Amino acid sequence: MPDTILFIDDEDIVLRSCRRIFAREGLEVDTAVSGEDGLDKARRKAYDVVVTDLKMPGLGGIEVLKTLRRERPETVVVVFTGYANVDTAREALKNGAFDYVPKPFTPEEIKEVVRNAVRARKEQGPARMLDLMAIVSHELKSPLATVQTTADTLYRGYFGKLEPGQQKIVETILRNCEYLEDVIRSYIDLSKMEIDGLASFQKEIRLASDVVGEVVAVPEIRDNLKKMPVQVEIADDPVIQGDPQLLKIVVRNLVNNAVKYGREGTPIRIRLERRGKDAVLTVRNEGVGISAEDIRDRLFKRFERLKQKGTEGVKGSGLGLYICRMVVEKHKGRIWAESEPGAWAAFHVALPLPSGPAA
């Protein structure tokens, strides 16, 4: 029995092109001229893959996507659009899209995406897409590091003093490199956890020396562009059972966020202490803060980015805090935030201490 695919688009030329491209691919292809028509067909017939445009009169692609994820969770959904940007891609992925294809696309581009989607449908999950993102992210790390190192060398004046206008341009390059590094790192971290899973952790580690100390020693944190000093207060160096690499991801994300959303020149305070049966890490900054509503409803969710006054130019993947929550919960701990909007924000991580003299 052939795999079934439904294309939804309000442009007849796109639908005819898709039919022509997949005429000899061994698929059963249907088309729909609107979101309403597409949903009606998808409710009457179980498709393996649905490819929907985002911008359509009436019911748009995001609404189609949300409805299919709710009513037909086994169907793999791909979106394409002529209005491609980071925000629309994030919105589609956040709502469960398997992949995102900007228009205009070549026959080979759309074929490759649909092949991956059909394969993911047969394997019952998005693991292949996460694997692909991890591979691509790894490939991007090296050239990005080269650009970042070169820009940083120019910024610090090793090849001669820059004019103020030149300094500003190089600073913009560095900030965009930091954003891309955040996206790459987040996808690699996410793929590690969602593809390989997180096993039970049996290794004894010291939080201060094995985790916190190594993170704050990283040059990009210690010598951050906002000149925010990192102040570490270690009340204790408790031993816990865990994975040091994954816990470093948590600390790194929290400290990077403190820099990203902090006020230039103000300190980032990191404190590690025992509280009862837990080791508690706190990362605090001075800056825009977070509203109580956002803390309650949006923080720590996948692909969720807060839009606070004063952070309009700040970019991020929307994955960092979600990844932190995943790691902390797998360590049987908890993570939460407190804030005074417009003044400060503090993130707390509580990890259980083992019983016995080693703790």
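The values are calculated or read from the model by the stated rules, or taken from the named source; none is laboratory data. Because the structure is predicted, anything quoted here is derived from the model rather than measured. Cβ: placed from backbone, ideal geometry, glycine included. Neighbour counts: every protein chain shown.
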Where the second residue is buried (at least 24 other Cβ atoms within 10 Å of the Cβ) and the first is free of Cβ contacts under 8 Å to residues at least 24 places away in the same chain and lies in segment 240-251, which pairs have Cβ atoms under 6 Å and are six or more apart or on separate chains? none
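Residue-wise test of (1) at pLDDT below 85; (2) in contact with a Pro (Cβ under 6 Å, 6 or more places away or on another chain); (3) in a helix (DSSP H, G or I).
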| residue | (1), (2), (3) |
| --- | --- |
| 187 | yes, no, yes |
| 190 | yes, no, yes |
| 213 | no, no, yes |
| 224 | no, no, no |
| 228 | no, no, no |
Quickly run through segment 104-113 and pick out the residues that are over 23 Å from the mean Cα position of the chain (by Cα) and buried (at least 17 other Cβ atoms within 10 Å of the Cβ). 105, 110
Run down 64, 51 and say which single residue is touching a residue at least 40 places away in the same chain (Cβ under 8 Å) and assigned to a helix (DSSP H, G or I). 64
Flagged in segment 73-91 as modelled with pLDDT of 80 or more and buried (at least 17 other Cβ atoms within 10 Å of the Cβ), in numbering order, are 75, 76, 77, 78, 79, 80
